[in-house]
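Since the structure comes first, as structure tokens, the remarks are kept for the end.
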Amino acid sequence: MSGRNWTSSPWPVPRSVSLVIAVLIIGILLTALNVYELHRLQKDQERHNSFHMKEKVNPPEKFHSRVVWVHGKKLETGYLKHVFAVFERLGFQQGDSQSKWDVLWTHDYPFTQLSSHLQNLKPHQKVNHFPGSGYITNKVNLATSMLKHIPPAFQIPADKEKLLQYARQNPQKMWVQKSNSHRGISVQKIGDLDLESEGTFVQEYIHNPLLIDGRKFDIGVYTILTSVDPLRVYIFEGDVLLRFCVKEYYPFDPVDIETYVVGDDYLPIWKVSSLQKYYTQLGYTMKESLNAYIQSLGKQSSKIWSQIKEAVQSVYFEKEKTMIRSAKKFRNTRNFFEMVRFDFVVDGDLNVFIMEANMSPNLSSAHFPENKLLYEQVIFNVLSLVGVGYLFQTDSLKTKSSDETNMVVSDRDIQVFAHDCVLDSCKYSCQGNCQLCTQCLTDEEKYILKDTYQEHLRRGNCRRVIPAATSEEEASQTKLDDLHHQGSSNALLKRWFQGKCLQDPTWCT
């Protein structure tokens, strides 16, 4: 036998067939891999769908609305519906005393009935009344302050003899007797007054009021207090509330109080023909309608507004110490703010007089629906000013981090008087303008300046009246030492505003 190799195939396989077999094997392997991958993807999709089905049933809470607790009697009547509406638009949900609330808006003075809720406030919580503000809104206390823009008034019966002496010196004067309830008043001669009635006061009557279309009117000015030490006070300048007596003033009849007392059913501006063309036809605010009318008489309306600012300033400076004492009962006054409405009358010579200051002024448009815009603008501007109308969508008013704070205002933003602060005199002393240099400011002072800085950014249609507006010329000539009669904290803040005014004229007012 020949030497045949019995281990090899007797029929050799062509190379082309081997290649086909190899391709088939690779194809089978790829198909199996694709089937496996498709099966794995199907399982992943099933798990993904299952997760989202569960998520729809029980979605995780990633965002909680900020909470406002609105407190008042008979809220179901809707007299605070504009307050609720503004808070809702700002992203707040309604809460109550048991909620972890961010803002308490109470129609009534809260420092008696709600005092237990206010003793341990967290830093971020805000309350819409200020301790001691009752010294301003109490009619007897305000009227008997003997300030320039308040008609002379005498508390009865304590000041009876002073009243009689003043009346003898001014026999032509007429008088109005009032109480805190402010009901049932009438103009009388001195001999017809009840000078023994406890809890009342007698006030001189402004006998020559400015009339429009023969009617007496008052001007309601919304004023916001944000701090007492130092004092920071703003006026809402977007508009005012004009209210007219329902009857013409002349012929004057002291018995008919509808001719000289503005009641709840007052005559609104859109029914006063001389102002209707501005307010209704041209779309001006009440304030600008009044300005246009006064200017049409050849008079300067600016005289009214400058006196109003002066009057508001005088009241808060007069009551400052008593409010500071009241606020010391609480851990921190930064939790509080206050919006009141001062009511003014104007005489024929455009002299301005405060009649009263209203705590929790009427914000209901139930009687006059046209006032809805005014009330909601007032509420929104107040909340924006005090940092409640926050631009960031957060789950609380709490500050999240120092980065968030510094993004809005940092230490660099509050620096003023750079020329002075680099001098050797400021390296070794904290006198004069040096008190506002970085090395001289305490942490508390820095906090106050940053808080004030943010108020300025958020002020909207509110304008500062304390510290008073200044000019670049005044700011360049004034020194901090010249302001110490206002009190150290007030002087420091006023001088800081003057420093910012020199940097940027928009800070002058």
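The values are calculated or read from the model by the stated rules, or taken from the named source; none is laboratory data. Here the structure is a predicted model, which is why all the values come from computation and not from measurement. Cβ placement follows ideal geometry from the backbone for every residue including glycine, while neighbour counts extend to all protein chains displayed. Areas reflect the complete protein model, heavy atoms only, side chains present, ligands, DNA and RNA absent. Shrake-Rupley method; radii C 1.70, N 1.55, O 1.52, S 1.80 Å.
When only the heavy atoms of the protein chains count and the probe is 1.4 Å, how do 408, 255 rank by accessible area, highest first?
I get 255, 408, largest accessible area first.
In degrees between 0 and 90, to the nearest 10, how far off the longest principal axis of the chain does helix 302-327 point, with axes built from Cα atoms?
Approximately 80 degrees, to the nearest 10.
Let's test the formula: R0 of 45 Å, r as the Cβ-Cβ distance of residue 113 and residue 350. What FRET efficiency results, to the nearest 0.05?
Efficiency, rounded to the nearest 0.05: 0.60.
So if we plug the beta-carbon distance of residue 297 and residue 75 into 1/(1 + (r/R0)^6) with R0 = 41 Å, what FRET efficiency do we get, rounded to 0.05?
0.40
Please work out which option in (i) 46.4; (ii) 25.4; (iii) 21.6 gives mean projected area of the Cα convex hull in nm² calculated from these coordinates, and answer with its label.
Read-out from the structure maps to (i).
Can you find, among 461, 402, 417, the residue sitting farthest towards the positive end of the charge dipole of the chain, where Lys and Arg contribute +1 and Asp and Glu -1 at Cβ?
402
Which of 352, 387, 304 sits closest to the plus end of the dipole of segment 268-388, meaning its Cα is farthest towards the positive end, when Lys and Arg get +1 and Asp and Glu get -1 on the C-beta?
The listed residue farthest towards the positive side: 387.
Go through 419, 367 and list them by solvent-accessible area, largest first, probe radius 1.4 Å.
419, 367
Against the longest alpha carbon principal axis of the chain, how many degrees, from 0 to 90 and to the nearest 10, is the axis of helix 160-169 turned?
Between helix and principal axis, roughly 60 degrees.
Residue 276 to residue 404: FRET efficiency via 1/(1 + (r/R0)^6), r the Cβ-Cβ distance, R0 35 Å, to the nearest 0.05?
That pair, residue 276 with residue 404, gives E of 0.10.
At a 10 angstrom cut-off on C-beta neighbours, averaged per residue, how do the peptides 378-386, 121-129 rank from highest to lowest?
378-386, 121-129
Taking the radius of gyration and the Kirkwood hydrodynamic radius from Cα positions alone, what is the Rg/Rh ratio for segment 78-129, to two decimal places?
Reported Rg/Rh, Kirkwood definition of Rh: 0.95.
In whole Hz and in residue order, list the ³J(HN,Hα) couplings for segment 416-432 that follow from phi through the Karplus curve 6.51 cos²θ - 1.76 cosθ + 1.60, θ = phi - 60°; x for Gly and Pro.
Coupling constants for segment 416-432: 9, 6, 4, 4, 6, 5, 8, 6, 4, 4, 7, 6, 10, 8, 10, 9, x Hz.
Given Cβ point charges of +1 (Lys, Arg) and -1 (Asp, Glu) and nothing else, what value in debye, to the nearest 20, does the dipole of the chain about its Cα centre take?
1620
May I ask you to give the percent of accessible area on the chain that is carbon plus sulfur, with a probe radius of 1.4 Å?
Here it works out to 53 percent.
Dividing the convex hull volume of the alpha carbon atoms of segment 134-252 by its residue count, what do you get in Å³ per residue?
145
Using the heavy atoms of the protein chains and a 1.4 angstrom probe, tell me the accessible area per residue for the chain in square angstrom.
Result: 54 Å² per residue.
For the chain, what is the percent of antiparallel DSSP beta bridges, rounded to the nearest 5?
So the antiparallel bridges amount to about 80 percent of the total.
What's the extension gain from residue 208 to residue 169 if we count 0.36 nm per residue and subtract their Cα-Cα distance?
Gain in length upon complete extension: 12.1 nm.
Mind ranking 311-322, 67-78 by how tightly packed they are, going by the mean number of other C-beta atoms within 10 angstrom, highest first?
311-322, 67-78
Would you kindly state how much longer the chain becomes between residue 431 and residue 325 on full extension, computed as 0.36 nm times their sequence separation minus their alpha carbon distance, in nm to one decimal?
Length gained, residue 431 through residue 325: 35.3 nm.
Please report, to two decimal places, log10 I(q)/I(0) for segment 321-426 at q = 0.10, 0.19, 0.20 Å⁻¹ as given by the Debye formula with identical point scatterers on the Cα atoms and no solvent.
Result of the Debye calculation: -0.60, -1.16, -1.19.
Using per-residue counts of other Cβ atoms within 10 Å, averaged over each peptide, order 100-111, 259-270 from highest down.
Taking the mean over residues of other Cβ atoms within 10 Å, the ranking is 100-111, 259-270.
Residues in segment 413-439, backbone N under 18 Å from the label point at residue 479 (7 Å along the Cα-to-beta-carbon vector): list them, ranges by number please.
417-437
So what's the gap between the Cα centers of segment 204-228 and segment 230-296, to the nearest angstrom?
So the two Cα centres are separated by 9 Å.
Please report the relative contact order for the chain, taking Cα pairs under 8 Å with a sequence separation of at least 6, and give it as a percent rounded to a whole number.
16
Using 0.36 nm times the number of residues separating residue 96 and residue 288, minus their current alpha carbon distance, what extension gain do you get?
Extra length available between residue 96 and residue 288 comes to 65.1 nm.
Provide Rg over Rh for segment 242-369; use the alpha carbon set for both Rg and the Kirkwood Rh (inverse mean inverse pair distance).
1.03
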